[in-house]
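The values are calculated or read from the model by the stated rules, or taken from the named source; none is laboratory data. Bear in mind the structure is a predicted one, so any value in this text is a computation, not a measurement. Don't worry about glycine lacking a Cβ; one is built from the backbone with ideal geometry, like all the others, and counts go over all protein chains shown. The area values use the complete protein model at the heavy-atom level, side chains included, leaving out ligands, DNA and RNA. Shrake-Rupley method; radii C 1.70, N 1.55, O 1.52, S 1.80 Å.
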Amino acid sequence: MARPSLRQIAKVLASASVVLALLPQSVAAAGGSGGSLPKSFQDEWCAYRTSEFKLLTDLPHRQALATIRGLNRFRRMFITLFPDARGNASLPMTMLVFRRTRDFVELSGSSRYAGVTLPSMHEYRLLAAHGPHGAPTDNAWHEYAHYLLRTRTERNYPLWYEEGLATYLGAAELGRNRVRLGKVPHRQLGRAARDDLVSYRETIEASSVLGLNNTELLAFYGKAWLLTHFILHGHGAGFADWRPALQRYLSGTERQFEAAFGHSPVETGELLHRYIETGRLPRQTLRLPDSETLTPPRACLSAEERDYELALGITPLNAPVAIQALESLEPDAKHLTALSQAVWSDHVRAQALVDRALALAPADPEANVQFAHLLVRGCAFSSASACIGKWARAVHRYLAVLERDPGRYDAAYGLGVAYLHTGRAPDAMPYLRLAYEKVPWEVSVNFYLGEGYRIAGDPRAVAHLRNALHWTSDATWRERAEFALQRLLDET
């Protein structure tokens, strides 16, 4: 694997984390782009499915298998490091890997990073340009680490530790049956550790990186990475073992850093300066358990299937191209509903598309859920009498979907939100928990589940509201989460 640099860290952070929530402020532009679709829409794309993830790619078969086996080795490493990791009840991750970097750049709209994650109500989707021999880049490992941390562990992690740990794991050197942990770009990390752009206190207390410029992001990520490395490996360089203190810190509701570690952020910074000056930092070699070599069957997509999957993948990043691709497809209920989601910001057009989908397939669950979502659009946190009636109609629509398919977690989420807004918090909780089991990474699910726990006086509210605050890339959801957390603190 290529040596990670702080430039790559900046690219990781620049990667989008777009949330397609029930009530987004804006998802996409309303119009198409015109012209021909990019070249990647003309290539052959194939799907590989395992129980843990789905890979969609235009890579040659051998390189696609290298990607799959790399993901499997990374997952085995994670389970070895986190032996209490729970089974994966959530939706499997979907990864789109582009054979040509220029295709990824064209569709993602940026040349500054090599991977982007799009966690949504529908799936945890990762788009990446391929690395050497088709292996995912360090950015992809970093984002896959986030996926595993958010779906396999029950803990809520402070922002600095989750980002530091994901970067630490993303730099792992994976072999067939062993992994080497602890590799860092020593010189660059040392510079980031000593600069004053973002202090150690600001790094440790950060609840969001929104508003930081690229240089400040480098400082934040460098400090988070170095602090995580010190906690996990510092005892190997003659320093005190901070791992027991980490467990106390993570277990505490208040997350008092100085009380847990016995050092203030400033004192911690001085300690880390000495740590980086020791020269070569400790590393660890970990043997991985033997497992079967994954060779899942390949199912190559038709032109229509390819265009649909690529459109879904790029909608939050490049709505005009996604809309153009969806408009070219057969206007059935599935394609019309996806197009409605892509033009969400144009309420009139989105509603017309869903109405057409329901005319073609009145019982289609996706279209019915989208219809209910559109119905209550703009009614979040509103006590207007018109909204009360809309929430009641939405409840009826969500219940109808769930009667036909009790496992429709998106309808369960919508029903839970509707119950919360109509004063029926106890009724909401089973449905919100069902949604959380499937999409534990989703900001709005964590927010509303946290609100439900807050109303019930359940201390689990803190973790879910913190998740919503830490994971959102949307200023509106951040404001909501901050307000809810402050209200929770005022009530206790």
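Starting from the 7 Å offset along Cα-to-Cβ, what nm value, one decimal, do you get for the label separation of S345 and A259?
4.5 nm
Where does the charge balance sit around D410 when Lys and Arg score +1, Asp and Glu -1, over other residues with C-beta under 9 Å from its C-beta?
With Lys, Arg at +1 and Asp, Glu at -1, the neighbours total +1.
Which is farthest toward the positive dipole end of the stretch 253-394 among F371, P297, L353, measuring Cα position about the Cα centre, with Cβ charges +1 (Lys, Arg) and -1 (Asp, Glu)?
Highest projection toward the positive end goes to F371.
Angle between the Cα long axis of helix 265-276 and the longest principal axis of the chain, 0 to 90 degrees, nearest 10?
60 degrees
Extension gain T215-H396, at 0.36 nm per residue separation less the Cα-Cα distance, in nm?
60.2 nm
Divide, for the stretch 333-492, the radius of gyration over alpha carbons by 2.2 N^0.38 Å, where N is the residue count.
Normalised by 2.2 N^0.38 Å, the Cα Rg of the stretch 333-492 equals 1.05.
Translational D (Stokes-Einstein, µm²/s) of the stretch 298-416 at 25 °C and 0.890 mPa s when Rh comes from the Kirkwood sum over C-alpha pairs?
162 µm²/s
Over the stretch 419-492, what number does the Rg to Rh ratio reach, with both radii from the alpha-carbon atoms and Rh per Kirkwood?
0.94
So what does R180 come to for accessible area, using a 1.4 Å probe and Å² rounded to 10?
So the heavy atoms of R180 present about 90 Å² to solvent.
For R201 and E305, FRET efficiency with R0 = 56 Å and r from the beta-carbon atoms, rounded to 0.05?
Result of the calculation: an efficiency of 0.65.
Ranked from the most accessible area to the least, with a 1.4 Å probe and all protein chains present, what is the order of I323, I79?
Ranking I323, I79 by accessible area, largest first, yields I79, I323.
At 0.36 nm per residue, minus the direct Cα-Cα distance, what do H186 and L250 gain on full extension? Give it in nm, one decimal, please.
20.3 nm
For a quick check: with amide H placed at 1.01 Å from N, whose amide H comes under 5 Å from A47's, ignoring anything fewer than 5 positions away on the same chain?
A299, C300, L301
Ordering K223, K438 from largest to smallest accessible area (1.4 angstrom probe), what's the sequence?
From most exposed to least exposed: K438, K223.
Mark the label point 7 Å from the Cα of N88 along Cα→Cβ and return the residues of the stretch 409-437 whose backbone N is within less than 16 Å of it.
So the set is 437.
What's the FRET efficiency of E270 with R155 using the Cβ-Cβ distance as r and R₀ = 30 Å, to the nearest 0.05?
Efficiency, from the Cβ-Cβ distance: 0.60.
Modelled label-to-label distance, T295 and K39, 7 Å Cα→beta-carbon offset: nm?
Reported label-point gap for T295 and K39 is 3.2 nm.
Could you calculate, for the chain, the ratio of the Cα radius of gyration to the Kirkwood radius, expressed as Rg to Rh?
Rg/Rh: 0.97.
Pull out the extension gain between Q284 and Q486, defined as 0.36 nm times the separation in residues minus the alpha carbon to alpha carbon distance; nm, one decimal.
Net length gain for the segment: 68.6 nm.
Using a 1.4 Å probe on the protein heavy atoms only, what accessible surface does C300 show? Give it in Å² to the nearest 10.
Looks like 60 Å² after rounding.
Assign unit charges at the C-beta atoms only (+1 for Lys and Arg, -1 for Asp and Glu), then state the dipole size of the stretch 115-220 relative to its Cα centre in Debye, rounded to the nearest 20.
520 debye
Count the net charge of all other residues whose Cβ sits under 12 Å from the Cβ of A425, scoring Lys and Arg as +1 and Asp and Glu as -1.
Result for the neighbourhood of A425: -1.
Using the crude model of +1 on Lys and Arg Cβ and -1 on Asp and Glu Cβ, and no other charge, please compute the dipole size for the chain relative to its Cα centre, in debye to 20.
So the magnitude is around 1300 debye.
Within the accessible area of the stretch 266-347, what % is carbon and sulfur when the probe is 1.4 Å and the other protein chains stay in place?
Whole-percent figure for carbon plus sulfur exposure: 47.
How large is the accessible surface of R283 in square angstrom, using a 1.4 angstrom probe and rounding to the nearest 10?
Accessible area, nearest 10 Å²: 80 Å².
Taking the Kirkwood radius as the inverse of the mean 1/r across Cα pairs, report the Rg/Rh of the stretch 112-222.
Here Rg/Rh amounts to 0.97.
Can you give me the % of accessible surface on the stretch 405-492 that is carbon or sulfur? Probe 1.4 Å, all protein chains present, nothing else counted.
53 percent
With +1 on each Lys and Arg Cβ and -1 on each Asp and Glu Cβ, and nothing else charged, work out how big the dipole of the stretch 418-492 is about its Cα centre, in Debye to the nearest 20.
120 debye
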